[in-house]
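In what follows, a structure is listed as structure tokens, so that the remarks can point back to it.
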Amino acid sequence: MGGELEGVVRLRRMPRAPSGQAIVEFAVVLPLFLFCLIGALDAGLWAVQTSAETSAVEQAAMVASSAGSSPTSETAPDARAVMASISGRLRSALFGTAIKSWCATDANGGCAPDSTQHCPSTPAEVQAADGPRVVVVCVSEADPPACVTPPPGQVAPYPLGCGDSPMITVRVVGFVASLVPPGFGPGAGGFELPTNISATTHTLRFAP
Amino acid sequence: MRRSRRRGDDAQAVLETALVIPILLFLICNFVAVMVQVTVQEQLNAATALAAQSRFQAPENAVDPAGSRCCGVHGATLVTAGLPTGCRYAAESFYGTMTTYTGLLHWQTATLCTSGGDSGNAANPPAKPVAYPGSPANADVSCDIGSIKPGGAVVPGYVDRTLNPPSGLDVVTCSASASLDFANTPLAWGVFWTPTLHAQAEALPPPFRQ
């Protein structure tokens, strides 16, 4: 009996402040710890995704620049064909993100080649068209001006750059999945970060 | 007595937190900086590789006419008149690809177009490339390329003696260097180093070309 009373007295005398302090400390430290942990994870994830995109657009630019290098080819390389060559590399790195080729929607809702080759220049443009966590692979070609007879006082070739080969730009643009919660990142939908990586090269084009 | 002990515990906790939080943020800043460095290095490698490859998209004997210029992406316009057209193609590919993170980079400018570099071997001493006459010296990328002048004279490019020994192969090399500076970013709080990034790419001539 005496032992039980002693126990009750000891319990009552036990200071309650340390446990309250521990809870407050824990409540303060936990968000900081989670912020640091998730931040580090997201930075690593972002670096992996961006590196994969960079090497993919480099490879795509080489594929696209050689796509027109046959005596019979006169048209710009098809974005879908270029995307097919790099989709495996992108899919393995951009998990949680849909990857599409940029093209115009035809009457049946299918993907028709974009005759105007209007590529999105900002991730927001892709998000408005395709929704959150979507990146598009866009291939555009800038053709040189046609050569004309030079006016008096000018020398051929005229205008400057008219004999150049076309320039191909491959762009991966959109929002990739990330750990950034809604309201904290630039993505309106949350859990996404913008990306906009491009590669440009000249293409070899045979005369028809 | 008990009150003073509790006050001491509180002070210790505050001190621990004040020590740990800056260290954590310092580590996070440096981790993010390393990730940025890896990403920029990757892009620099891609831009340099595409620049070297682009040289072969121009005819071997094509020369830029008077008035030709290019790029101007990073605030500099490069006059390429009189240089091999492949030289301008290389610059256009480099600047067209190196479009992001440019605010973090301080470029080490170099001569845009050079010729005659030699990796060297036992019989041939290594040779440094020389600048093409009139080649701009304020380019962010430098390419060592050969060409054929209108009269038929061959200007040698970079000879890599490790390929096809012992005579070597006449290839194109492009290189670029820049230092990565975090001074104008929030990372400057905890990142005190300024790494120098360097990329070099070599391209072999394709079997069939113009």
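The values are calculated or read from the model by the stated rules, or taken from the named source; none is laboratory data. Only a predicted model underlies this, so the values are computations on that prediction, with no experimental measurement involved. As a convention, Cβ positions derive from the backbone with ideal geometry for all residues, glycine included, and neighbour counts pool all protein chains shown. For the accessible areas, the whole protein counts, side chains as well, though only heavy atoms, and no ligand, DNA or RNA atoms are used. Shrake-Rupley method; radii C 1.70, N 1.55, O 1.52, S 1.80 Å.
Within the shell of other residues whose beta carbon sits under 12 angstrom from the beta carbon of residue B:161, the net charge comes to -3, with Lys and Arg scored +1 and Asp and Glu -1.
Divide by every residue of chain B the summed helix terms, -39500 (n - 2.57) for each DSSP H run of at least 4, and state the resulting mean residue ellipticity at 222 nm, rounded to the nearest 500 deg cm²/dmol. Don't skip to the end; give the middle numbers.
Working: 2 runs with 66 residues, N = 210.
It lands at -11500 deg cm²/dmol.
At 1.4 Å probe size, with the rest of the protein present, what percent of the exposed accessible area of segment B:2-209 is carbon and sulfur atoms? That share works out to 60 percent. When B:167, B:68 are compared by accessible area of protein heavy atoms, the largest-first order is B:167, B:68, using a 1.4 Å probe. Taking every residue in A:22-29 and counting other chain Cβ atoms within 10 Å of its Cβ, the average works out to 2. When the other protein chains are added to the chain by itself, burial of at least 10 square angstrom of heavy-atom accessible area (probe 1.4 Å, ligands and nucleic acids ignored) affects these residues of segment A:159-179: A:160, A:164, A:165, A:167. Run the paramagnetic zone check for residue B:122: 7 angstrom along Cα to Cβ, then residues of segment B:162-193 with backbone nitrogen under 12 Å. Flagged as within label range: B:166.
Once all protein chains are placed together, residue B:132 keeps about 20 Å² accessible to a 1.4 angstrom probe. Protection proxy ranking for A:147-153, B:11-17, using the average of other Cβ atoms within 10 Å per residue and placing the highest first: B:11-17, A:147-153. Packing, taken as the mean count of other beta carbons within 10 Å per residue, orders the peptides B:151-159, A:47-55, B:40-48 from highest to lowest as B:40-48, A:47-55, B:151-159. In segment B:79-98, burial by the other protein chains removes 20 Å² or more of accessible area from B:88, B:89, B:92, B:93, B:96, B:97, compared with the chain on its own (1.4 Å probe, ligands and nucleic acids ignored). In whole angstrom, how far apart do the alpha carbon centroids of segment B:52-107 and segment B:153-209 sit? Segment B:52-107 and segment B:153-209 have Cα centres separated by 15 Å.
Buried accessible area between B and A (1.4 Å probe, both chains summed, ligands and nucleic acids excluded), in Å² to the nearest 100? All intermediate terms of the calculation are to be shown ahead of the outcome.
Numbers: alone 11760 and 12650 Å², together 21590 Å².
Roughly 2800 Å².
Please give me the summed charge of the neighbours of residue B:97: other residues whose Cβ is under 13 Å from its Cβ, Lys and Arg +1, Asp and Glu -1. Neighbour charge sum, excluding residue B:97 itself: -4.
Counted by Cβ distance under 9 Å from residue B:87, the other residues give a net charge of +1, where Lys and Arg count +1 and Asp and Glu count -1. The order of A:83, A:62 by accessible area, most exposed first and with a 1.4 Å probe, is A:62, A:83. Solvent-accessible surface of segment B:2-209, taken per residue with a 1.4 Å probe and all protein chains present: 49 Å².
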